[in-house]
1. Could you work out the local net charge near Y149, counting Lys and Arg as +1, Asp and Glu as -1, over the other residues with Cβ closer than 15 Å to its Cβ?
2. For the range 113-134 and the range 509-567, what is the centre-to-centre distance using only Cα atoms, to the nearest Å?
3. Using Cα centres only, tell me the gap between the range 163-242 and the range 487-505 in whole Å.
4. Probe of 1.4 angstrom, ligands and nucleic acids ignored: what's the accessible area per residue over the chain, in square angstrom?
5. Using only Cα atoms, figure out Rg for the range 1-119 and give it as a multiple of 2.2 N^0.38 Å.
6. Between the alpha-carbon centers of the range 387-434 and the range 70-105, tell me the distance in whole angstrom.
7. Once you wrap a convex hull around the alpha carbon atoms of the chain, what is its projected area averaged over all directions, in nm²?
8. Would you be so kind as to identify which of V251, Q495, F232 lies farthest towards the positive end of the dipole of the chain, taking Lys and Arg as +1 and Asp and Glu as -1 on Cβ and the Cα centre as origin?
Amino acid sequence: MYLLPLFLLAAGLNILLGMGAWPSVLAGNLQDPDSYMRLLRIEQGIRAGHLLTSVAGDQSGAGVMVEWSRLLDMLLWLMAAPLTPFIGWHKALFAAGLALGPLGVGFLGAVLAWAVEPFALRRYLWSAALAAAVLPGIVTIAVPGVVHYHVLLLAMIALTAGFTARAWRDNSWAGFLAGLSGGFAIWLTPETMPFVLMAYASLLLRWFTTPNATVLFTTAAGCFDVLMVGLFIDPPAGGYFAPEVDRLSCVYAAMGLLFLAGASMLTRLPNRRWRGVAGFVVLAALFGVWVAIFPGVVLGPYGILPPNQAQAFFGVITEQMPVHGRDAVMFLFPGAAALAYALWRGLRRHDRVRALLTPEMLKPRGDGRVIWLYLALCGAVALVLGAKFLLFVGFSTIFAAAMLPVALSQASVGLAEKPLFASLARVGLLALVFGVPELAAIANASPKQTAATPVRNYPSCKLHNIAPLLAQAAGDVVLAGPEAAPELLYRTHVQTVGSLFHHGIAGYMRDRAAWRAVPGIAVPPEVTATGAAYVLFCPSPARYLLVADLPKATLWDTLEAGTPPPWLSAAGRNAEGWTLYKITR
């Protein structure tokens with residue numbers, strides 16, 4: 001029962017922290033292109049009679065395969081179904097998408113508290129739920145109107161780690177549940193895979209001192225079962241044998257099979273002195289075989305695209321960029337503090353509160369230092385991923401959230417004879433974890449002093465009311481920024497040239513080439529290649545990233561200057577600043 005208040009705490013804080021965004025969201029706006037694409041794909045699937053892997057209308061009408069698995073689509077469909085008789089599928093899916101944020105954060109907060117409950121005093125578990133709700137690394141991906149799996153994947157990693165920790169007690173049932181949750185995490189998105197495997201690898205540390213082959217086998221069985229069932233009902237667009245690395249596919253089913261085969265071999269090893277090393281070699285060799293068969297899994301999406309296309313594509317996606325300056329403090333400091341704490345615990349010769357970690361788990365060698373050092377390694381991996389990609393700052397954030405109640409418990413137990421010092425230590429920990437990121441966020445929000453320059457009033461460029469302007473272009477291809485394509489498809493009946501989904505790289509490259517073209521008297525071949533009949537444009541204060549590396553002579557710069565080429569004629573404007581141009585050939 002203690003988890004319900006923690007769920008409500010995290011979910012309630014998520015709602016409160018999103019107060020500034022709720023008016024816009026309740027008016028019908030979502031926060032990012034992926035959210036519109038998610039709801040659009042589900043709605044198109046409902047009309048088709050089954051959930052889809054592709055979205056119609058993009059790539060100049062050819063449609064685009066969106067790499068996400070359909071597990072979250074199924075969840076949103078189930079959430080929306082009870083509302084459908086009253087408000088219809090379109091509004092019901094939107095309502096389900098809005099509910100996903102608070103429910104996801106509440107689930108994350110409760111799961112984090114549950115995961116560390118064996119290692120911390122229960123009276124401090126609230127701190128994990130609080131951290132899950134308010135730390136910037138999670139707040140930024142959990143704002144109202146984000147309909148995506150980013151919070152859920154963190155919760156599934158925490159759930160897998162929690163079951164794995166309980167499997168350390170040679171609990172085969174907990175191992176099986178760790179396998180199930182890890183399988184569902186990978187089905188949700190392979191972005192979880194490194195941390196799922198790191199959780200399972202901790203059981204291999206146990207193997208060196210205790211013959212826990214049965215636990216490893218049940219863990220592998222649970223994971224394999226989910227991956228195979230998931231692949232059967234949710235295959236990639238290319239079929240069961242399409243080796244997609246960015247969604248559930250035969251790549252991960254093969255991983256589960258090899259893990260199961262290796263764990264089965266471990267059950268047959270005799271209990272000899274060389275048993276530990278032999279088991280490790282078996283599993284490491286099978287993992288190497290898997291990577292050798294599917295080398296693209298190491299590179300992720302970067303292994304899908306040629307280097308020149310990868311640079312052109314990922315270079316304009318903010319969440320794929322590294323974290324610098326105050327942002328690094330804001331997003332990564334809690335994880336860095338948790339890493340320092342884990343290292344400190346691992347390097348101490350005498351840990352007076354070792355019992356807080358695992359009173360029985362580590363027998364027969366009850367030294368927790370190895371586990372703390374392994375936790376530090378996991379935290380370091382999370383921190384590096386967050387530093388390289390803004391999208392992944394949540395990994396180190398949940399590591400910090402999980403470590404916080406453990407550190408608070410240690411302060412209370414280790415300084416039990418000095419209550420004043422214990423209180424100061426707890427206050428200091430809370431101030432450090434919550435205060436430093438907040439100060440960095442305040443510093444980021446402070447206006448920068450710049451020299452006085454003429455100010456141009458730019459329009460809002462919102463797409464909420466774009467449908468009337470584009471009614472005349474229904475059924476035609478409209479050249480617009482790829483970041484706008486999902487919302488245009490969601491709100492109107494036009495077709496778009498390209499979007500920011502790497503399986504639609506051909507459409508994206510055509511869209512990019514068209515905006516980078518130098519307009520003349522005749523229509524540039526790059527624009528002709530898109531098949532567009534219209535161009536949709538709205539000026540912005542910053543130079544458009546698609547053309548930022550070129551001289552100011554591109555199609556985008558020409559329209560920004562208010563001097564469209566002769567083959568474009570204005571077909572309409574709206575109050576948000578959008579101008580629709582018709583291409584006259």
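1. So the surrounding residues net to -4.
2. Taking the Cα centre of each part, the range 113-134 and the range 509-567 sit 52 Å apart.
3. When both Cα centres are located, 36 Å separates them.
4. Numbers: 25260 Å² over 585 residues.
Dividing the accessible area of the chain by its residue count gives 43 Å².
5. Relative to the rule-of-thumb radius for its length, the range 1-119 sits at 1.23.
6. 35 Å
7. On the way: hull surface 117.3 nm².
Reported value for the Cα convex hull: 29.3 nm².
8. Checked the options; the winner is V251.
The values are calculated or read from the model by the stated rules, or taken from the named source; none is laboratory data. Fair warning: this is a prediction, and the values are worked out from it, not measured in the lab. Because the Cβ atoms are built from the backbone with ideal geometry, glycine has one as well, and the counts that use them run over all protein chains shown. All accessible areas refer to the heavy atoms of the entire protein, side chains included, with ligands and DNA or RNA removed. Shrake-Rupley method; radii C 1.70, N 1.55, O 1.52, S 1.80 Å.
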